[in-house]
Amino acid sequence: MTGAWGETYLVELARGLKAADTGGWREPALRTVIEGLGWQWQDTDAGPLLLRGPESEARGGAPRLRPTGRFEKDYAHGGEEYVGLYVPVARPESSAAGKAQAFRATAETLTEEFGHAPILGAYGDPGPFYDSAPTWGSPFLRWRERENTLELRAGEHGPELLLQPTGPVENWFWRQGHGELNALGGFFGTRRDPANTGLSFPGGWRTDDWDVFTRTLGASLHTLPAETHALNINLDLGFHALVPGTRGPIVFHLVCGERLEIVYDTEELGESSTDPSSFGWIPHATRPAALDHWLDSPYHSGDFGIGEVDGRALAKMMVDTLRDLGVSSPKDLSLTDHAQRVGDYDVEYYGLTLQENP
């Protein structure tokens, strides 16, 4: 979304959504909200059809209301008839890079208007109320308030504004802390902001199954450059591994902003491990690592931009290496103690299933 008209429209729309009196998210109040935004509400057999004019819809698409259906009703305890008003705000080029850049540009405009979002992250799978994530990535920014929350989220075709009742979506999130496999994906970060008073975090889940871990790690890596670029953050993660005969050294170091790269450090592993090149690691002597790392490592994965990551292949390379080193279970992995601090945010990496090094 570029140009003065686009930014002006975006800010006015976001202000209108934040100020909306949603009246418990029941239909009479929402009709008034829609009229106040200058849109039209049309009743159809499939539910309300919201029309906001051809010029605005050409910029993004038609807005839509999400009714409280079978996947939402268990979490909407305030009698809400709807749990979200979704408004596309840009139609970028179809590539993952185009969508990530459109999200970032929209985020910069909203941040200038409202300040830094109290919450950011990427949903992964599943998203709220068990939605599937967009194929290009699932970044989000939230400006949380007690009754309603305004969110910039990833739609399949580009960024969307979402106004939602705060209670149901947070209730869904909290109740995913049951510890079952694949309960949560992505990552979730919060600032020390008064807006986050009363916010609760669910527990994560872990697995001792290498195949399950490979799949979830691959899913996290696959869209990571698009998500970190969209959110304008940089991740800096070290992976400890309980390799037999060692004290659990940092084996991998991952950095990701607009590009992703992982280095593999063999310094503390002795000479008993298999040649790293046999798993696909690139020797530094053949081609130096492209990104800055705090591990001086002789091997790396190569660097990958938005839409270039084969998450499954990269995860398999890491897991095959760990298993060859004798690491018995994914539960023998942990993150470096600084990994969960990203700028001003404390981040939980649910999709990695790993906690900080104890």
Kindly provide the set of residues from the stretch 313-358 that are closer than 17 Å to Leu254 by Cβ, in contact with a Phe, Trp or Tyr (Cβ under 7 Å, 6 or more places away or on another chain) and charged (D, E, K, R), ordered by number.
Asp320, Glu348
List the residue pairs whose Cβ atoms are under 6 Å apart, where the first residue sits in the stretch 68-80 and is hydrophobic (A, V, I, L, M, F, W, C), the second is assigned to a loop (DSSP other than H, G, I, E, B) and open to solvent by 30 Å² or more (accessible area, probe 1.4 Å), and the two are 6 or more positions apart or on different chains.
Ala76/Thr68
Report every pair of residues separated by at least 6 positions or lying on different chains whose Cβ atoms are under 9 Å apart, first residue within the stretch 21-35 and open to solvent by 90 Å² or more (accessible area, probe 1.4 Å), second among the aromatic types (Phe, Trp, Tyr).
Arg26/Tyr82; Glu35/Trp41
Under 8 Å between Cβ atoms, which residue pairs at least 6 apart in sequence (or on different chains) link something in the stretch 331-347 that is closer than 12 Å to Arg191 by Cα with a partner that is of a type in the set (Ser, Thr, Tyr) and open to solvent by 30 Å² or more (accessible area, probe 1.4 Å)?
none
Just give me the residues in the stretch 62-119 being open to solvent by less than 20 Å² (accessible area, probe 1.4 Å), closer than 18 Å to Ala230 by Cβ, modelled with pLDDT of 95 or more and in contact with a Ser or Thr (Cβ under 8 Å, 6 or more places away or on another chain), in sequence order.
Ala117, Pro118, Ile119
Would you be able to tell me the number of residues in the stretch 223-237 that are of a type outside the set (Val, Ile, Thr) and surrounded by 23 or more Cβ atoms within 10 Å (Cβ to Cβ)?
7
Kindly indicate which of Asp303, Asp320 is open to solvent by 10 Å² or more (accessible area, probe 1.4 Å), over 22 Å from Phe188 (Cβ atoms) and part of a strand (DSSP E or B).
Asp303
Is the stretch 275-288 home to any residue that is under 23 Å from the mean Cα position of the chain (by Cα) and either in contact (Cβ under 8 Å) with a residue 60 or more places away in the chain or part of a loop (DSSP other than H, G, I, E, B) (or both)?
no
Mind checking whether some residue in the stretch 199-215 is surrounded by fewer than 17 Cβ atoms within 10 Å (Cβ to Cβ), touching a residue at least 24 places away in the same chain (Cβ under 8 Å) and among the small types (Gly, Ala, Ser)?
yes
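The values are calculated or read from the model by the stated rules, or taken from the named source; none is laboratory data. Note that this is a predicted model, so its numbers are computed, not measured. With ideal geometry, Cβ positions are generated from the backbone for all residues, glycine too; neighbour counts draw on all protein chains shown. The protein model used for the area step is the full one, side chains on, heavy atoms only, and it has no ligands, DNA or RNA in it. Shrake-Rupley method; radii C 1.70, N 1.55, O 1.52, S 1.80 Å.
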